[in-house]
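The values are calculated or read from the model by the stated rules, or taken from the named source; none is laboratory data. Keep in mind that this is a model prediction, so the values were computed, not measured. Here the Cβ positions follow ideal geometry from the backbone for every residue, glycine too, while neighbour counts run over all protein chains shown.
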């Protein structure tokens with residue numbers, strides 16, 4: 001029983017540190033975030049911070065790794081054949097996932113976010129989208145598929161960001177259908 005209590009305390013401490021870090025990352029670049037201000041905001045001492053992390057970059061890497069692990073699971077939840085028929089379910093799942101922790105997503109997508117993390121997400125989405133395009137339209141068009149994907153990817157990042165900044169008033173279902181409509185109405189470029 002003692003370990004469960006310690007685990008809860010550890011998780012609560014890590015959550016406090018992560019929440020403080022997200023607030024600071026929304027305000028300033030990571031290079032300007034100090035362990036002292038982070039621990040003051042999280043109401044933990046520096047020794048506690050260093051028990052869990054080596055520095056703020058280590059904290060960011062661990063947070064991104066956790067997020068990415070779950071993101072990959074959500075991104076691969078549906079099989080390719082299902083998504084060629086209706087990609088809305090994937091878009092809804094992704095909006096639901098991002099909407100679970102909008103503060104973290106906004107911090108990473110904001111001006112102080114980690115561009116390499118955005119690239120990792122883009123690469124994860126692109127790989128899955130390539131499989132879908134090949135299944136739907138056949139092999140041989142990979143270059144146009146990449147360009148098509150990149151064009152829509154950056155638009156979707158902006159759409160996700162504005163959705164979160166506006167308080168996520170629309171449901172993930174509404175947003176998923178909107179993304180599907182935007183993408184599939186533009187799909188004629190790929191079909192040529």
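Note on the range 95-106: residues that are touching a residue at least 60 places away in the same chain (Cβ under 8 Å) and under 10 Å from the mean Cα position of the chain (by Cα) amount to 6. Which of the helices (runs of 4 or more DSSP H) found entirely inside the range 17-105 contain at least 2 residues meeting this: under 27 Å from residue 127 (Cβ atoms) and assigned by TED's automatic domain parsing to the domain that holds residue 137? In the range 17-105, 56-75, 80-85, 88-100 are the helices (runs of 4 or more DSSP H) which contain 2 or more residues that are under 27 Å from residue 127 (Cβ atoms) and assigned by TED's automatic domain parsing to the domain that holds residue 137. When residues in the range 83-100 are screened for being surrounded by fewer than 16 Cβ atoms within 10 Å (Cβ to Cβ) and either in contact with a helix residue (DSSP H, G or I) (Cβ under 7 Å, 6 or more places away or on another chain) or within 20 Å of residue 168 (Cα to Cα) (or both), 3 of them pass. If the condition is being modelled with pLDDT under 85 and under 19 Å from the mean Cα position of the chain (by Cα), then the range 155-185 contributes only 180.
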